[in-house]
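These notes are about the structure you will find just below.
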Amino acid sequence: MTTTDSSETAVAPRGKRRLGDLVFANSARGAGLLILAILAGVALFLIVQSLSSLTANEGNFFTSSEWSPEAGPGEEVRFGVAALAFGTVLGAAIALVLATPVAVGIALFIVYYAPRRLAALLGYLVDLLAAIPSVVYGLWGLVYLVDQLQPLYRFMAEYLGWIPLFAGPVSSTGRTMLSAGIVLAVMILPIITAMARDVFTQVPQTHREAALALGATRWEMIRTAVLPFGRPGVIGGAMLGMGRALGETMAVAMILSPSLVISPNVLQSGNQTIAAHIALQYPEATGTGVSALIAAGLVLFGITLAVNMAARFVVSRRKEFTE
Amino acid sequence: MTTATQPTATGSSGEGPDIQSSGLYSRQLPTYFPAALLVVCAAVASGAFFLLGAFHPVPVAAVTAIGYLVAVTTSSAVVENNRRAKDRLVTGVVYCCFAIAVVPLISLLSTVVVFGIERFDLYFLSVSMNGVIPSMDAGGVYHAIVGTLVITGLATVISVPIGLMTAVYVVEYGRGRLKQAITFFVDVMTGIPSIVAGLFVVALWIMVFGPGQTNGLAGAIALSVLMIPVVVRSSEEMLRLVPNELREAAYALGVPKWLTIVKVVLPTAVAGLTTGIILALARVIGETAPLILTAGMASTRINANPVEGDMMSLPVYIYKAVRDMGLSGEAGVYAEERAWAAALTLILVVMLLFLTARLVSRFLSPGKG
Amino acid sequence: MAKRIDVSDLNVYYGDFKAVEDVTMTVEPRSVTAFIGSSGCGKSTFLRTLNRMHEVTPGARVQGKVMLDNLDVYDHSVDPVSVRREIGMVFQRANPFPTMSIYDNVIAGAKLNNQRMSKSRSDEIVERSLRDANLWEEVKDRLNKPGAGLSGGQQQRLCIARATAVEPAVLLMDEPCSALDPISTLAIEDLIAKLKENYTIVIVTHNMQQAARVSDRTAFFNLAGTGQPGRLIEMGDTNKIFTKPDKKETENYITGRFG
């Protein structure tokens, strides 16, 4: 630090102060860099650990649906994520279709319909849904909800069975993809609602008053001023919710009675998601089995990463648009 | 219907007052009409189901709601006009949406309380599952509570410094590309599925300690991956709320930047920071999947040492009990009772954290008496 | 189609707070009435009670009578939605719907009344309203561009076109020029002079020259004191109010000596 004798005394107190700043600023920066390192580590370690099974795999990882990654003597290692990826997307899609309209309705209710004094409290109730651990959702879904849904499923199979999605025969246990999707929908409801509430409260009062002054009813005001303004936020929220539904493990693992098939029949048992498959298989897996599960996890990581980045992009574009 | 012809009618000046007055004075349903109609619908629906001998709250509520929506829309369309009818329909639908959200919440909480209370007592909270064989009417969650405390405590110790310092960097120091990158990737990290966080630690542990190693520390690290971005997000928001005047006042007194942050900024934001950390903790305390992978499922005894062997936790305890529900006879019944009682315990813990967070933000924040 | 407004003994409250006290006045059809007064004297609040827009603010309520050509606007069988269709409003800041084109902005209100309007009919309304608002020549080649892309003055004229497209009887303007430059202001003032041939116009303004330029009659509002409700002090022909007001308070305000 010191270059000449003469300046030494003048620099000393300043240098001391600089030291504190330097240490603090650098540890703050270090923490930030550590986060980047962790994220890179997640991707890197998953890739490294999945290699041993992927190289041993005799099946096609992306198009095959079978799962026997641990070869006994004279057997081939064969596994693929096709059915798992299909199940993951199917479950998330069911959740999204069910949750998004309801979430928009709830957000409208809280922002524009509920009595003002109750609005905050009612919003808090919806947030409580997000606080309940997924394993408790799973327990409730498995023991209580699936039985309650059975009559509805039989009704749907009878009258809507001509739609391939709802073809019978109905699973006798109710532990189907639709049940899992319904529970996932409840779980992502608060995420989408929070996002939609955010944008709906940000609709400028001048726009709402403009609509009302033209003689709009409350619904017409919402349709002309609120919904067009809030659309990007709702889409972003729905995608964040979808990211959550894609990666949700326990509720699916506990409710769904799994099988590795690609089937659109949501009233029959079958299908499986990546996350639930990992949770169920891991305790018994060894060697290439673990490695294969890590490879499946890598696929899940990639899908959720893409969905989340797209969601953030949509949301941030809305911000620019508003400001 | 009269309103639909309004624009053309006003176009010609001759037919003034009468048409206009019909536009202004529209027939309206009385204000008590929706409430009265709802009561009627509910009475008819429950009566019908009761006569059929199939009374059950859910279908009754569904039929009531549909009946109400149809009735309110048609009567409004007949008495008032189509626009009002549509408005009333949407109002009804929006109320229904909220009801739809509340139904699972109430159903879930009430089932957990009703079933959980069976086995939820001091004995259940104070003993472990050590030496309990499935058919024994015994055992409790003590070891799982200890494990949850150790694992989430460690996760907090890891996450808070990293998360808080990152937030300090982003708000106080950061600029340019690095700041953007960190903000962006923290968002990305928020979306990591919990099972992937678990797999990350599994992969790390295999590389460092070899395969098959599970312990509490691994669980804590997995939870940290999930907790850090939440802490960063909430801390960032809180630090931004600290007014710039406070920082400038400190600089003007010749206080160096780092001391300004430590002595002025952080203490000002302490209530919000604490609230955020508690809420982040509440979020990860119920995580199950990463702990199955990292802390194991085998432990039945009290283990408070995070680097030695499997460690049970409340959520994994619930999952394990659910798996044992398939056992025949008494064993399955006891397992289910344990699952509900542990679920009640876990929900109470989460609610307690939420309550604490609210109290902290109410009583610790400056300027709010 | 222009109509007279008769207000009698009107009080406006926000919760327990009385914002405007005891206003009685008549607004003549086919004329411009200006409301002047210092900030916070309740003139905008009062304006919003004329088409029941104040009901949008939670806790706001009204006592008294507002008659629109012998029909009570506050009668319990009257729908506020139809009142606002009869009494249009233009706001302080131009507020075209940001997600809609110029065309859709103009037709937005008219479409609410008549969902299945033919294309030719809606084209006709858009052209007539934009011509009425002196905006047609400037935007006729870009009707499908977003309304938010126009200049401030053009946006305000777009909002006027949107209000007149519904064919109201009365047009309320809440400081329509306060955010505009002098040239845009002049354009709006010309427009007001033209619109009064067909509409009853009420304009709130902070600018006394503007009130003197555009209005036929002027109403002066003032506060009785801090925390007191606003009251109507004096109303009369604009010429008289600006040259020989009856009340000392009015004279002080007009001449720049605030009471």
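Laboratory data are not the source of any read-out in this text; all were calculated from the coordinates shown. Just so you know, these numbers come straight off a predicted model, no measurement behind them. A quick note on method: Cβ atoms are made from the backbone with ideal geometry, for glycine too, and the neighbour counts reach across all protein chains shown.
Among the helices of chain B (complete DSSP H runs), which have Cα atoms covering no less than 30 Å along the helix axis and a Kyte-Doolittle mean of at least -1.0?
Sorted by number, the helices that extend far enough and score high enough are B:57-79, B:82-116, B:142-168, B:216-241, B:330-363.
Magnitude of the Cβ-charge dipole of the protein assembly as shown, K/R +1 and D/E -1, about the Cα centre, nearest 20 debye?
Value, rounded to 20: 1640 debye.
Compute from the Cα atoms of the protein assembly as shown the Rg and the Dmax, the latter being the longest Cα-Cα distance, and quote both in angstrom.
Reported Rg and Dmax, both Å: 33.7, 112.
Taking the Cβ of C:Arg217 as the center, what net charge do the other residues with Cβ under 13 Å away carry, scoring Lys and Arg +1 and Asp and Glu -1?
The answer is 0.
For a 28 Å ceiling on Cα separation, which of these pairs sit above it: C:Lys18/C:Lys194; C:Lys196/C:Lys248; C:Lys43/C:Lys145; C:Lys43/C:Lys248; C:Lys18/C:Lys247?
Cα-Cα > 28 Å for C:Lys18/C:Lys194; C:Lys196/C:Lys248; C:Lys43/C:Lys145; rest within.
In chain C, if the dipole is taken from +1 on Lys/Arg beta carbons and -1 on Asp/Glu beta carbons about the Cα centre, which of C:Thr49, C:Asn113, C:Val23 is farthest to the positive end?
Selected residue: C:Asn113.
So how do A:Trp162, B:Trp340, B:Trp205 line up by other beta-carbon neighbours within 10 Å, fewest first?
A:Trp162, B:Trp205, B:Trp340
If packing is taken as the average count of other Cβ atoms within 10 Å, what order do A:23-31, C:179-187 fall into, highest mean first?
In decreasing order of mean packing, A:23-31, C:179-187 become A:23-31, C:179-187.
Hey, can you list the DSSP H helices of chain A whose Cα span along the axis is 18 Å or longer and whose average Kyte-Doolittle score is at least 1.0?
In chain A, the long hydrophobic H runs are A:82-108, A:116-131, A:177-202, A:288-322.
Take peptide A:33-43, look around each residue's Cβ out to 10 angstrom, count Cβ atoms belonging to other protein chains, and average those counts.
Whole-number average of other-chain Cβ neighbours for A:33-43 is 6.
Which of B:Met165, A:Ala95, B:Leu266 sits farthest toward the positive end of the charge dipole of the protein assembly as shown, with +1 on the Cβ of Lys and Arg and -1 on the Cβ of Asp and Glu?
B:Leu266
Need one value for B:335-341: mean number of C-beta atoms belonging to other chains within 10 Å of its residues' C-beta atoms.
Going residue by residue through B:335-341 and averaging, the value is 2.
Please arrange C:Asp69, C:Asp123 by how many other C-beta atoms lie within 10 Å of their C-beta, fewest to most.
Least to most surrounded, the residues fall as C:Asp123, C:Asp69.
What is the fewest-to-most order of A:Leu22, A:Leu256, A:Leu46, A:Leu184 by other Cβ atoms lying within 10 Å of their Cβ?
Listed from fewest to most nearby Cβ atoms, that is A:Leu22, A:Leu46, A:Leu256, A:Leu184.
What aspartates and glutamates does C:Lys119 reach when the alpha-carbon gap must be under 19 Å and sequence neighbours fewer than 8 apart in one chain are set aside?
Reachable aspartates and glutamates: C:Asp104, C:Glu127, C:Asp141, C:Glu167.
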